[in-house]
1. Quick one: of Lys29/Lys90; Lys48/Lys104; Lys29/Lys128; Lys48/Lys94; Lys29/Lys108, which pairs are farther than 19 Å apart, Cα to Cα?
2. For the stretch 57-139, what mean projected area does the convex hull of the alpha carbons give, in nm²?
3. Just add up the charged neighbours of Val122: K/R +1, D/E -1, any other residue whose Cβ is under 9 Å from the Cβ of Val122.
4. Counting C-alpha atoms alone, how compact is the stretch 9-49: give Rg to one decimal and Dmax as a whole number, in angstrom.
5. Of all accessible surface on the chain at a 1.4 Å probe, what whole percent is carbon and sulfur?
6. If I histogram all Cα-Cα distances within the chain using bins 5 Å wide from 0, what percent of pairs lands in each bin?
7. Non-local amide H neighbours of Gln78 (under 5 Å, H modeled in plane, Pro and chain starts lacking H): which ones?
8. Suppose all protein chains stay in the model; what accessible area per residue would a 1.4 Å probe give for the chain, in Å²?
Amino acid sequence: MENNVIEDIVKTWEETRKEMMEKLQSSLKLAFKTFFEENSTITGLRWKQYTPHWNDGETCYFGVHMDYMDVEIDNEWQEEEFYYDEILNKKYAKEYEAIKTFSKTLMKIPDEVFEDMFGDHVEITATKDGFTTGEYEHD
């Protein structure tokens, strides 16, 4: 009898998780589409996500690294220096604020949604046309 209860709970959990993942992934696609429509000068965003191979002896966990995304503005890629270069920050102040706000929102989404959607050890590029992924090598 107990096995049936446990099996029912596990089945319900799996179905609910699958349904929630699909909803979150659909919402994520819509969020990016809306972001690019509202910020037409931003033509691409790129981030990396992976599980570290080593963490000073601590457990390694999968992570999405959006805090310093590469940014494509008017079809020209600005990599991490976009966040540190004062001239770029002034020139693209509106874009900088939009990306900062958007990435804070994205980072509220559980990492497992991104892992399910795109995989591990990958670099993802988002544009108004959708997402592309490529392998990502890291230390």
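The values are calculated or read from the model by the stated rules, or taken from the named source; none is laboratory data. These numbers come from a predicted model, not from an experiment. Note that each Cβ is placed from the backbone with ideal geometry, even for glycine, and that neighbours are counted across all protein chains shown. Quick note on the areas: whole protein, heavy atoms, side chains included, nothing else; ligands and nucleic acids left out. Shrake-Rupley method; radii C 1.70, N 1.55, O 1.52, S 1.80 Å.
1. Check vs 19 Å cut-off fails for Lys29/Lys90; Lys48/Lys94.
2. 6.8
3. Taking every other residue near Val122 into account, the sum is -2.
4. 15.1, 48
5. Heavy-atom surface of the chain belonging to carbon and sulfur, 1.4 Å probe: 49 percent.
6. Reading upward from the zero bin: 2, 9, 16, 19, 17, 13, 10, 6, 4, 2, 2, 1, 0, 0.
7. Val71, Glu72, Ile73
8. Accessible area per residue: 68 Å².
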